[in-house]
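J.: Pasting a structure here, questions to come.
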Amino acid sequence: MTSPSETSATPAGAAPRLLGGRYRLEERLGEGTLGVVWRARHVALHRDFALKQLRTGALEDPAARARFHREAEALGRMRHPHIVEVTDFGIDPESGSPYLVMELLPGRTLADLLRETGPLPPERALPLLEALAGAIDAAHEQGILHRDLKPSNIALTTDAEGEPLLKVLDFGLAAVSEPRTPDPAPQEEETAAGESLTSTGMLLGTPLYAAPEVIRGAAASRASDVYSLGVIAYEMLTGRPPFQGTTSKVLSAHLHAAPPSPALPGIVCEALHEPLDKEPEHRPATAAAFVRRLRHAIERSEAVRWRRAELPRRAAMATGVAAASLAAVLLLFPSGDLPIERRLDDLRMELAFAREHDPRILLVTMDQSSQRERSVPLGARADEVGKSLSAIFAAGARGVAVDLVLPPQWSDSQDFQNLLLHHPDDLTLAASSGDGNVDGSECVADLTEAALGHDRTAALFGFVNLDEDADRVTRTGRLAFHDIHGVEHPSWAARAASMLGPVPRPLAGPVFRIDHRVNGHLYKPLLWRDLPAALTHQPELFRSRLVLVGGDFPNSGDDNHYVPVSLGETGRVSGLTLQALQVDTIAAGLPVREAPHAPVLLLAALAAACVALSALLGRRPSRTVAIVPGLAALYTAASLSVFRQTGLLLPITAPCLVVALCLTAALLLRRRLPPIPIIRSLPA
């Protein structure tokens, strides 16, 4: 029986031979153990193809001939961008040898490339391996095994656009051309190691790339092709197959030896070893699964290497961006007083546990109905008020505070002046300052002031001025005010609260947060018109209590004050109720405190630097962008928990703004920096 080269050769000077009457064999392109490859021209189409004449004598048996037809038809049905297209098949009537007709691919094989360059860098190897894995899995899905994967069966060419293109050759041909039972233990020693180790023979595969189960004589499977792919990947990345030597040594190593660990990162070596497991069931289920794992390992190792090189420079950038963001926030909002921050404070007040008002505080209000019944202006009621307040003291009150700026004519009332002389330490009067003038102190007669002394007379008064935010809501109070000479004067609320106990002195200054967890509407004031009856029938109502006396005139613009009652909503309260809230807050020890902004903003700048570094170093900055709102929400929730437990108001807006500005700047800066290396895949 003649060999393919003998039956297929065209003598020099002879006319090209026709094969099957349709193809004219123009030029011999190569020869291997499976047969001879020709450049053949289709006589009718006038188009060149690659024609592979397989070994003769393989199809003498009718069953083998039928099997060839089945395999050839299956190969002809396969359509994949990385599998060479089989367009025709037949049997040469002259020689009896089967042949397959395929697309003609200019270029070279992967074996040629590896001989020229040695190991391939990951960015070049991975796209080729992904294309190869896609071809293998596509064939497996159609029930076709390659059985002879090796670099010489992988063509490298270009597509119509000039992009790199990989094509797998000889899919299924090992089975088509070799129907005999494989020899489980080939004993011959090669005379030329390269020739024998890379040639297809009785194993239905090539020794250098054969799977252990195939060497043992078991049927080839998908796992066998995955094993061969693993050997190819190992060779592409290291420049040599995992096992080398004589045929017997290579086959024995495939059966028993662990592949040597190459000089690659540990996670890459682990990924390379997975398809080389001796047991088929322990290998990756698909070729693509292996290559994905390998890509992940390589990208992780490349990212680690790149980050180590870039970390010092980008860390310095992140630190600088964070410092600039902090400076910008401090410059734009030096006090940290942002409108949205006040709303967040209201929210925390609303969601926190409500606090009961101080039961020692009793409100007595002069409302409009009381005024109508008396029909007497305030300036003429000094005797009435003086006697009533003296009766309150007689009933056992520990103090009285009057939230009314009293007119000068009260200095002529003997009853009122007697009240001042008998209770100078237990009485608080209201003073108001506007445009540098102080109103209210003229109600003390000169003789009374002389009897009490200047200091004790001045100590009677506390300033009732209130601070409002831009939205007209009062959220803060004061313990003291300073005049134009810098002299400190107590506020009315602080002076009144001192009659219940020592007044705390916060480190942050005289301004404090009013505890709006106490609902001012829950105070049950006693109307002035009902005061005589209460003094007569319920004197115990006043015992040991601080009595706050003031007006409640909702139609008066001066007595309309607003406090937060729910998120985005405010409620009107009288000046007396608002002062009572301040007294209650002071007497409770100022339970609502603002955290110092400087340490919190420094921590925010540190967090911003970490966020910026993540955006500058991360492969996907979108993840950092997505995480930051979650971190802001988590910090906001934590601030609520801290407030509920301790009454400490952590700043929210300014720290979040620092982080947001820093992240934005880092994302803009990232666009100007070299991108993180990405290993791209070949086009499908």
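The values are calculated or read from the model by the stated rules, or taken from the named source; none is laboratory data. Since the model is a prediction, treat every value here as computed from it, not as a measurement. Methodologically, a virtual Cβ is constructed for each residue, glycine included, from the backbone with ideal geometry; neighbour enumeration extends over all protein chains shown. Only protein heavy atoms, including side chains, enter the accessible area calculation; ligands, DNA and RNA are left aside. Shrake-Rupley method; radii C 1.70, N 1.55, O 1.52, S 1.80 Å.
J.: Mind checking which residues of the range 145-154 are open to solvent by 10 Å² or more (accessible area, probe 1.4 Å) and either closer than 16 Å to Glu73 by Cα or in contact with a Ser or Thr (Cβ under 6 Å, 6 or more places away or on another chain) (or both)?
T.: Once the filter is applied, which keeps residues that are open to solvent by 10 Å² or more (accessible area, probe 1.4 Å) and either closer than 16 Å to Glu73 by Cα or in contact with a Ser or Thr (Cβ under 6 Å, 6 or more places away or on another chain) (or both), the range 145-154 yields Leu145, Lys150, Ser152.
J.: Could you tell me whether any residue of the range 385-408 is touching a helix residue (DSSP H, G or I) at 6+ places or on another chain (Cβ under 8 Å), of a type in the set (S, T, N, Q) and farther than 20 Å from Trp528 by Cα?
T.: For the range 385-408, residues touching a helix residue (DSSP H, G or I) at 6+ places or on another chain (Cβ under 8 Å), of a type in the set (S, T, N, Q) and farther than 20 Å from Trp528 by Cα: absent.
J.: Filter the range 289-301 for residues that are of a type outside the set (Lys, Arg) and surrounded by 17 or more Cβ atoms within 10 Å (Cβ to Cβ); which is nearest to Ile215 (Cα to Cα)? Outline the logic, then answer.
T.: Filtering the range 289-301 for residues of a type outside the set (Lys, Arg) gives 289-291, 294, 296-299, 301.
From what is left, the residues that are surrounded by 17 or more Cβ atoms within 10 Å (Cβ to Cβ) are 290-291, 294, 297-299, 301.
On the way: Phe290: 22, Val291: 24, Leu294: 26, Ala297: 30, Ile298: 31, Glu299: 34, Ser301: 34 Å.
Result: Phe290.
J.: Here's a follow-up. Which residue is farthest from Thr206 (Cα to Cα), if the candidates are limited to the range 60-115 and must be out of contact with any Leu (no Cβ under 6 Å at 6 or more places or on another chain), of a type in the set (Lys, Arg) and assigned to a helix (DSSP H, G or I)?
T.: The selected residue is Arg77.
J.: To continue, here is another question. Anything in the range 246-270 that is among the polar types (S, T, N, Q) and either in a helix (DSSP H, G or I) or in contact with a Ser or Thr (Cβ under 7 Å, 6 or more places away or on another chain) (or both)? List them, or say none. Spell out how you get there, then give the answer.
T.: Here is the first cut: in the range 246-270, the residues among the polar types (S, T, N, Q) are 246-248, 252, 261.
Correct list: Thr247, Ser248, Ser252.
J.: Hey, another quick one. Evaluate the range 180-201: report whether one residue or more is modelled with pLDDT of 90 or more, open to solvent by 10 Å² or more (accessible area, probe 1.4 Å) and either within 23 Å of Pro280 (Cα to Cα) or under 47 Å from the mean Cα position of the chain (by Cα) (or both).
T.: Step one: list which residues in the range 180-201 are modelled with pLDDT of 90 or more, which gives none.
No, the range 180-201 has no match at all.
J.: Scan the range 428-441 for residues that are surrounded by 14 or more Cβ atoms within 10 Å (Cβ to Cβ) and out of contact with any Gly (no Cβ under 7 Å at 6 or more places or on another chain) and jot them down.
T.: Hits for the range 428-441 are Ser433, Val438, Asp439, Gly440, Ser441.
J.: Could you tell me which of the residues Ala459, Ala430, Ala493, Ala470 is of a type outside the set (Asp, Glu) and without any contact (Cβ under 8 Å) to a residue 60 or more places away in the chain?
T.: Details: Ala430 fails: without any contact (Cβ under 8 Å) to a residue 60 or more places away in the chain; Ala493 fails: without any contact (Cβ under 8 Å) to a residue 60 or more places away in the chain; Ala470 fails: without any contact (Cβ under 8 Å) to a residue 60 or more places away in the chain.
Going through Ala459, Ala430, Ala493, Ala470 in turn, the sole match is Ala459.
J.: While we're looking at this one, here's another question. In the range 116-162, what residues are part of a helix (DSSP H, G or I), touching a Pro at 6+ places or on another chain (Cβ under 8 Å) and acidic (Asp, Glu)?
T.: Hit for the range 116-162 is Glu123, nothing else.
J.: Next question. Do any strands (runs of 3 or more DSSP E) entirely within the range 467-526 hold 3 or more residues that are open to solvent by 30 Å² or more (accessible area, probe 1.4 Å), more than 18 Å from Asp584 (Cβ to Cβ) and at pLDDT 90 or above, and if so, which? Let's see the steps before the verdict.
T.: Working: elements: 476-478, 480-482, 488-490, 511-513.
Fully inside the range 467-526 and qualifying: nothing.
J.: Let me confirm something: among Leu578, Leu590, which residue is under 46 Å from the mean Cα position of the chain (by Cα), at pLDDT 85 or above, crowded, with 18+ Cβ neighbours inside 10 Å and not in a helix (DSSP H, G or I)?
T.: Numbers: Leu578 fails: not in a helix (DSSP H, G or I).
Within the list Leu578, Leu590, the selection yields Leu590.
J.: OK, next. Quick one: in the range 318-360, which of the residues that are open to solvent by less than 50 Å² (accessible area, probe 1.4 Å) and basic (Lys, Arg) is modelled with the highest pLDDT?
T.: It comes out as Arg348.
J.: Turning to a different aspect of this structure: I'd like to verify a number: residues in the range 159-171 that are under 41 Å from the mean Cα position of the chain (by Cα), open to solvent by 10 Å² or more (accessible area, probe 1.4 Å) and on the phi < 0 side of the Ramachandran plot, how many? Spell out how you get there, then give the answer.
T.: Applying the first criterion (under 41 Å from the mean Cα position of the chain (by Cα)) to the range 159-171 yields 159, 161-167.
With open to solvent by 10 Å² or more (accessible area, probe 1.4 Å) added as a condition, the list becomes 159, 161-165, 167.
Those still in the list that are on the phi < 0 side of the Ramachandran plot too: 159, 161, 163-165, 167.
Number satisfying all stated conditions: 6.
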